[in-house]
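Beneath this line is the structure, given in structure tokens, with notes to follow.
The values are calculated or read from the model by the stated rules, or taken from the named source; none is laboratory data. These figures come from a predicted structure and were not determined experimentally. Don't worry about glycine lacking a Cβ; one is built from the backbone with ideal geometry, like all the others, and counts go over all protein chains shown.
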Amino acid sequence: MTDSSLWQPLALGRIELAHRLALAPMTRNRANPDGVPGELVAEHYAQRASLGLLISEGTQPSADGQGYFNTPGIYTPEHVEGWRKVADAVHDKGGHLFIQLMHVGRVSHPDNTPHHRQAVAPSAIAPGEEIHTPTGKQPIPVPRELTTADIQDVIDEFRHAAASAVAAGADGVEIHAANGYLLHQFLAPNANHRTDEYGGSVENRARFAVEVAKAVAEEIGADRTGIRISPAFPLGGLNEGDTEDVRAQYRYLVGELATLNLVYLHVHHLGDDELLRSFRDVWPTAVLVVRYGRDRDDISADIDAGLADVAPLGRFALANPDVVERLQQDAPFNELDPATLYAGGANGYTDYPVLAHA
């Protein structure tokens with residue numbers, strides 16, 4: 001793939017990328033129980049620094065934002081110190097780090113959080129799914145509906161987390177408004193039954209995500225603030241309606257976000273290329289696109305088609321810390337071990353071989 005469009009440089013806000021690949025954000029459950037990322041996490045990201053832009057695993061902006069056990073936080077001084085070691089390790093290897101801010105909303109269980117409280121959400125509606133806890137799978141309980149005052153508190157949590165990420169040396173943050181979590185829950189009619197200014201209409205359901213993005217951009221700069229969306233993704237029990245409902249919601253949302261001049265829009269894409277093209281037409285900066293099931297030969301397809309500027313890699317990058325070099329040399333990939341995705345310490349995390357030792 002030496003002649004691919006993947007190898008063109010790109011200016012992304014305050015950073016310069018040598019190519020169009022990136023590391024997609026993926027939960028790995030390797031943080032310490034207090035949410036501090038340790039030396040193993042720093043090693044994992046540093047190993048993948050050649051990807052250029054590394055978007056971290058989902059990182060909770062508060063205790064209420066945690067959904068799973070052993071996921072990292074970015075809201076205490078200890079979290080900042082832990083992430084500083086990660087950022088330093090990535091920078092030492094020539095990479096750039098964006099920390100993904102992920103508030104899970106209702107996709108949580110009291111056994112997985114430090115305060116053991118009821119989860120919060122736009123409405124008191126359980127997703128009807130189970131979640132892994134330290135004692136095994138359990139049904140996700142009914143969450144508590146956020147008041148309008150609570151919503152402002154959550155926005156402040158995102159603001160504080162973004163400032164903490166920059167204080168830790170991160171190059172920016174990605175706001176997680178996708179994959180069934182809190183901001184996505186506000187967008188989905190079956191999870192958001194509110195009758196105030198945060199529910200009902202397309203405009204009202206988008207309000208929370210837009211306000212979070214504005215607050216984060218004000219805090220650390222729009223040129224260090226990205227956002228991820230996943231139109232029509234049914235994760236976390238969400239149902240956003242038919243195709244036209246989804247298009248109406250996301251065309252409005254992306255149009256509002258576009259006015260903020262954020263550094264990038266990250267789309268976890270299910271295949272509505274007409275909708276994706278409408279995003280590309282209004283978005284003023286970079287667009288990142290991830291597709292499920294994309295094979296090696298299709299990595300550059302969205303860039304070639306003018307639908308994307310960057311192609312983040314998920315599982316290919318987990319099993320191949322030197323995936324950039326393997327693509328450049330047309331070398332074979334390591335196979336991913338699914339059993340170690342969410343457990344196992346170094347096993348299946350930092351021990352995948354690189355070409356020199358394969």
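Of the helices (runs of 4 or more DSSP H) lying entirely inside segment 259-358, those containing at least 1 residues that are more than 25 Å from Val90 (Cβ to Cβ), without any contact (Cβ under 8 Å) to a residue 24 or more places away in the chain and over 20 Å from the mean Cα position of the chain (by Cα) are 273-282, 301-304. Kindly indicate whether any position in segment 311-326 is modelled with pLDDT of 95 or more, β-branched (Val, Ile, Thr), surrounded by fewer than 22 Cβ atoms within 10 Å (Cβ to Cβ) and under 24 Å from Gly13 (Cβ atoms). For segment 311-326, residues modelled with pLDDT of 95 or more, β-branched (Val, Ile, Thr), surrounded by fewer than 22 Cβ atoms within 10 Å (Cβ to Cβ) and under 24 Å from Gly13 (Cβ atoms): present. Would you be able to say whether some residue in segment 129-142 is under 23 Å from the mean Cα position of the chain (by Cα), closer than 14 Å to Leu183 by Cα and either at pLDDT 95 or above or not basic (Lys, Arg) (or both)? Within segment 129-142, none of the residues are under 23 Å from the mean Cα position of the chain (by Cα), closer than 14 Å to Leu183 by Cα and either at pLDDT 95 or above or not basic (Lys, Arg) (or both). I want to confirm something. Restricting to segment 6-21 and keeping residues that are out of contact with any helix residue (DSSP H, G or I) (no Cβ under 6 Å at 6 or more places or on another chain) and touching a residue at least 12 places away in the same chain (Cβ under 8 Å), which single residue is farthest from Val290 (Cα to Cα)? Only one residue fits best here, namely Ile15. Going through (1) of a type outside the set (Ser, Thr, Tyr); (2) buried (at least 24 other Cβ atoms within 10 Å of the Cβ); (3) in a loop (DSSP other than H, G, I, E, B) one by one, His115 falls short only on (2). The single condition from (1) farther than 29 Å from Arg106 by Cβ; (2) polar (S, T, N, Q); (3) out of contact with any strand residue (DSSP E or B) (no Cβ under 9 Å at 6 or more places or on another chain) that Ser300 fails is (3). Of all residues in segment 41-61, those that are closer than 14 Å to Asp322 by Cβ have Cβ atoms under 6 Å from Cβ atoms of residues that are modelled with pLDDT of 95 or more and among the charged types (D, E, K, R), 6 or more apart or on another chain, in Ala46/Lys93; Ala49/Lys93.
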